[in-house]
1. Just how far, in whole angstrom, is segment 61-101 from segment 5-39 if you go by their alpha carbon centroids?
2. What is the order of 88, 10, fewest Cβ neighbours within 10 Å to most?
3. To the nearest 10 degrees, how steeply does helix 99-121 sit against the main Cα axis of the chain, on a 0 to 90 scale?
4. Measure nothing fancy, just the Cα-based angle from helix 4-27's long axis to the longest principal axis of the chain, in degrees from 0 to 90, nearest 10.
5. For the Cα atoms of the chain, what angle does the longest principal axis make with the long axis of helix 126-145, in degrees from 0 to 90, nearest 10?
6. With 10 angstrom as the radius, rank 24, 128 by how many other C-beta atoms surround their C-beta, starting from the fewest.
7. Exposed loop GluC sites (Glu not before Pro) only (DSSP loop, at most 13 other Cβ atoms within 10 Å): please give the longest stretch of the chain free of them, not including the sites.
8. Dividing the convex hull volume of the Cα atoms of the chain by its residue count, what figure in Å³ per residue is obtained?
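Just so it is clear, none of the values below were taken in a lab; they were calculated from the coordinates. Worth saying up front: this structure is predicted, and the values here are computed from it rather than measured. In this analysis, Cβ positions are derived from the backbone assuming ideal geometry, glycine residues included, and neighbour counts consider all displayed protein chains.
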Amino acid sequence: MSPLKPLYALAIALLVVAFVGFGISAFYQEPQYPAYPAGLEGPQKEFTPEEKQKMQEYWEEERAYREAYSDYNLVVACICVSIAVLLLVGSVVRMGSLPVIGDGTTLGAVFVLFYGLIRAFMTNDEQIRFGAVAVGLAILLALVYWKFSCSGGSFPEVGGVP
């Protein structure tokens with residue numbers, strides 16, 4: 001095997017994950033962080049009632065932002081996992097005869113899956129986190145089974161034992 005083939009596969013994988021990440025960023029904007037109230041910067045011992053009201057409004061906006069950002073991460077995680085599944089199916093089923101492109105796309109899909117898991121970890125819902133890990137595990141187990149059991153691929157022998 002040419003030493004350039006793994007490098008090409010890695011380059012394809014990195015470009016696949018960059019394409020997905022930048023695509024999501026371009027077409028699904030994340031929520032904007034609320035602006036800190038003007039005039040309240042710097043150390044102050046006591047706030048006026050008007051300043052306290054501004055700070056209370058800011059804290060409510062910040063709480064709403066955190067909830068919106070958690071929801072945003074949930075949607076991004078679902079998009080990433082869905083795209084990863086499509087890429088994995090396509091790379092294993094359709095691109096199996098093109099080793100470098102198929103392997104690069106498969107690795108890129110796994111990276112996209114990991115990116116989706118990271119986004120799922122950034123949500124506020126423990127059940128979503130667990131579900132994302134369960135889906136990721138199921139996808140990877142199915143991929144390894146399909147790649148090395150159904151398609152005739154094999155693991156390298158270790159110590160003469162297959």
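1. 11
2. Lowest to highest Cβ neighbour count: 10, 88.
3. With both axes taken from Cα atoms, the answer is about 30 degrees.
4. Roughly 30 degrees, rounded to the nearest 10.
5. The angle comes out at about 10 degrees.
6. Final ranking by Cβ density, sparse to dense: 128, 24.
7. After excluding every exposed loop site, the longest remaining stretch is 47-156.
8. In the chain, the Cα convex hull volume per residue is 190 Å³.
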